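Report on one structure; see the data block that follows.
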Amino acid sequence: MKNLILNIFILIFFIFLFNKIIFAQNIYVDLELVLAVDVSSSVDEEEYQLQIRGVGAAFRHPDIIAAIESTGGNGIAVAMVQWSDNEEQALVGGWHIIKDAADAAEYARIIRRSPRIIAGGQTSIAGALTFSIDQINNNNIDSSRKVIDVSGDGRANNGVHPMKIRDIALDQNITINGLVIINEEPFLDGYFERGVIGGRGGFMMVAEDYRDYAAMILQKLLREIGMPVS
């Protein structure tokens, strides 16, 4: 009986050790992408929902699915971050590996059902970037392309200037792209261009208001993932 109990404990130990080794190994994908969504006080509930619905619809779009399936075969890793002031950021639903239509549909469902975790606050783009960099560096995922896709409708009014954190990201080969909504600040695109976006292939897109967000995030994701191979 004692030998049986000892053997069970040994088996459990080796199962646990084996699982730890698996979890310690990095998963390789073709792209790591953080979608950093503005939920500061300038974003009301309707505008939040337009963002969430836009992202969800994009991951159901056949062009996005084709683009994912046309990458190197390892798929992409995606995570959504909600952000407002320097102390308020949240990872929504964790990281997800997307390789095909089924994975994309599941991720779209998760995003569409995601509650607004942060009710409002000031605007710290630097805080959003710092948090997003940490998520990329601590996700047990590796890739040759690492991108933070930050959207927002206002300049930073809290925390350090985003340029300082942008430069940290660039030193780590992380690209920062921007999606600016200019319904409240018509010259916000220039601010993002000078102090937020950067890195290999970094770019920015402009939405006139939140009702344009869905169309812009679709185009942006296609460009970030890579246009599908026909």
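Rounded to the nearest angstrom and listed largest first, the equivalent-ellipsoid semi-axes of the chain from its Cα gyration tensor are 34, 20, 18. Net charge in the neighbourhood of Glu185 (other residues with Cβ under 10 Å of its Cβ; Lys, Arg +1, Asp, Glu -1) is -2. Along its three principal directions, the equivalent ellipsoid of region 183-230 from the Cα gyration tensor extends over semi-axes of 22, 16, 5 Å, largest first.
Accessible-area rank, largest first, for Lys146, Lys164, Lys220, Lys99: Lys164, Lys99, Lys146, Lys220, with all protein chains present and a 1.4 angstrom probe. Ignoring ligands, DNA and RNA, what percent of the accessible area of the chain is carbon or sulfur (1.4 Å)? Of all accessible area on the chain, carbon and sulfur atoms account for 55 percent. Compared with the dominant principal axis of the Cα atoms in the chain, helix 213-225 is inclined by about 50°.
Here the contact order of the chain, divided by its residue count and restricted to Cα pairs under 8 Å and six or more residues apart, works out to 24 percent. Output the 0 to 90 degree angle, nearest 10, between the alpha-carbon long axis of helix 162-171 and the longest principal axis computed from the alpha carbons of the chain. Approximately 40 degrees, to the nearest 10. Answer rounded, prolate or oblate for region 99-230, using the Cα gyration tensor with square roots of eigenvalues a ≥ b ≥ c: rounded when a/c is under 1.5, else prolate when a/b is larger than b/c, else oblate. Rounded, because the longest to shortest axis ratio a/c is under 1.5.
Here, P(r) means the percent of Cα pairs in each 5 Å bin from 0 to the largest distance; for region 90-160 it is 3, 12, 18, 23, 22, 13, 7, 2, 0. In this structure, Asp44 and Arg155 have a Cβ-Cβ separation that, at R0 = 22 Å, corresponds to a calculated FRET efficiency of about 0.75. Within region 122-190, the ratio Rg/Rh, alpha carbon atoms throughout and Rh by Kirkwood, equals 0.99. Relative to the longest principal axis of the chain, what angle (0 to 90°, nearest 10) does the C-alpha long axis of helix 125-137 take? Helix 125-137 and the main axis of the chain meet at about 20 degrees.
Extension gain for Gln219-Ala101 works out to 40.7 nm (0.36 nm per residue, less the C-alpha to C-alpha distance).
The values are calculated or read from the model by the stated rules, or taken from the named source; none is laboratory data. Computed from a prediction, not measured in an experiment: that's the story for all the values here. With ideal geometry, Cβ positions are generated from the backbone for all residues, glycine too; neighbour counts draw on all protein chains shown. Please note that ligands, DNA and RNA were not included when accessible areas were found on the heavy atoms of the full protein model with its side chains. Shrake-Rupley method; radii C 1.70, N 1.55, O 1.52, S 1.80 Å.
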